[in-house]
1. State whether one or more residues within the stretch 63-75 are closer than 20 Å to residue 320 by Cβ and open to solvent by less than 20 Å² (accessible area, probe 1.4 Å).
2. Scan the stretch 319-334 and report the pairs whose first residue is aromatic (Phe, Trp, Tyr) and whose second residue is open to solvent by 60 Å² or more (accessible area, probe 1.4 Å), with Cβ atoms within less than 8 Å and a gap of 6+ or a chain change.
3. Just one of (1) open to solvent by 20 Å² or more (accessible area, probe 1.4 Å); (2) under 30 Å from residue 129 (Cβ atoms) trips up residue 245, so point out which.
4. Tell me which residues, restricted to the stretch 177-220, are part of a helix (DSSP H, G or I), touching a Leu at 6+ places or on another chain (Cβ under 6 Å) and away from the ligand (no atom under 16 Å from the Cβ).
5. Which residue is farthest from residue 318 (Cα to Cα), if the candidates are limited to the stretch 117-170 and must be among the acidic types (Asp, Glu) and assigned to a strand (DSSP E or B)?
6. Out of the stretch 12-47, which residues are of a type in the set (Asp, Glu) and more than 18 Å from residue 59 (Cβ to Cβ)?
7. What residue, of 264, 271, is touching a residue at least 12 places away in the same chain (Cβ under 8 Å) and within 16 Å of the ligand (Cβ to nearest atom)?
8. Just for the stretch 85-109: of the residues that are open to solvent by less than 10 Å² (accessible area, probe 1.4 Å) and not β-branched (Val, Ile, Thr), which one is farthest from residue 246 (Cα to Cα)?
Amino acid sequence: MKILSFETSCDETAVAVTEDGRRVLSDAVASQVPVHALYGGVVPEIASRAHTEAIVALTEQALSDAHCTRADIDAVAVTYAPGLIGALLVGVSFAKSMALALGVPLIPVHHIRGHIAANYLAFPELEPPFLSLAVSGGNTLLVDVRDYTDMQILGSTRDDAAGECFDKAARVLGLPYPGGKPVEELAKQSPGGVYKLPSARVDGAPLDMSFSGLKTAVVNIAHHAEQTGETLDRAALARDFIAAVSETLVPRTMEAAKLAGRRVLCAAGGVAANTFIRRDLQEACNRAGIRLYLPPLKLCGDNGAMIGAQAYYEYQAGHVADMRLNAYATREITSDWLPETP
Ligand code: KG4
């Protein structure tokens, strides 16, 4: 089954063709990063406009890269939630028109389910059940993936997402947006151990996380140095910051795997590209005898192929939308798409 899939939830317009949820035939991405970098973060209206401009040419590119014509496409899939509402609406409206024009099913996909499904593209042998640590710019979740479309949240952030925290830290360190990769590169220049940063616990919810205190601590250290004229060891701060993020993520992930009785763990999302976090996860999994899947860097960030991968399994489960499909800025990973009641 060949699926043409669309992802426009944030600042990448992405269109892909995948086969049977496991093979990438094409994966075209138009990044808006240079435009948003001017503002230090994503400007929602600019994102929607850029998606509108890019989506038609990108669709042609995805079809041509896959050596497909429109007649070869068996279904259309699209990210319908969560994300920037204007940005999502561009993809949803375009995908609806495409499904209507081709006379094929329309499959709505939750963005984070897509991030998790990126692992199916890289690891043919991987099948649920497994535990997933899904860490991106807008979400930080511990998900028990019981089956391809049956998920349970075991833990989540109570405030900022880990990626958001990386982007804020980058900003105070004078690094460009998006901040994850630049913070990591800076951190590689120091062994750390200079700044004491908090790794917060949520009372009564041991698997939940909080990153706002860490974010504030980094901002305060940078501002304090600026005001007092003290030299800020930027590389050490970056390294200690990543260590604090990792100390929040990794032990909870291991605890969640233990609680759910899972022997397989999959990382997902942009922050899963981080070398230090990947290393810490690998070491913890080695100690616990857990099989760890780390998606290749290209599949950690937003892409269209991951939406096509999850869409295949949503289709098998009968999760097909009609022309009432809408976009939602927030929606739980656990909820299947349902039409709005009139
Ligand atoms: O998954 P993603 O591409 O988009 C969302 O679905 O949100 O994640 C983007 C986030 C950004 O906050 C970015 O700073 C972060 O992932 N990121 C990283 C790295 N590369 C991207 N964070 C830490 N280390 C990285 N190497």
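1. yes
2. Taking only residues 6 or more apart or on different chains, the pairs are 328/85.
3. (1)
4. If the condition is that a residue be part of a helix (DSSP H, G or I), touching a Leu at 6+ places or on another chain (Cβ under 6 Å) and away from the ligand (no atom under 16 Å from the Cβ), then 217 is the only one that fits.
5. 144
6. At the first step, the residues of the stretch 12-47 found to be of a type in the set (Asp, Glu) are 12, 19-20, 27, 45.
Within the stretch 12-47, 20, 45 meet the criteria.
7. Numbers: 264 fails: within 16 Å of the ligand (Cβ to nearest atom).
Answer to the check: 271.
8. Kept after step one, since they are open to solvent by less than 10 Å² (accessible area, probe 1.4 Å), are these residues of the stretch 85-109: 87-88, 91-92, 95, 99, 106-109.
Retained after the next criterion (residues that are not β-branched (Val, Ile, Thr)): 87-88, 91, 95, 99, 106, 108.
On the way: 87: 30, 88: 30, 91: 33, 95: 37, 99: 42, 106: 38, 108: 32 Å.
Applying the filter and picking the extreme gives 99.
The values are calculated or read from the model by the stated rules, or taken from the named source; none is laboratory data. From a predicted model like this one, the values you see are computed outputs, not experimental measurements. Cβ atoms come from the backbone with ideal geometry, glycine included; neighbour counts cover every protein chain shown. Calculation scope for accessible area: heavy atoms of the full protein, side chains included, ligands and nucleic acids excluded. Shrake-Rupley method; radii C 1.70, N 1.55, O 1.52, S 1.80 Å.
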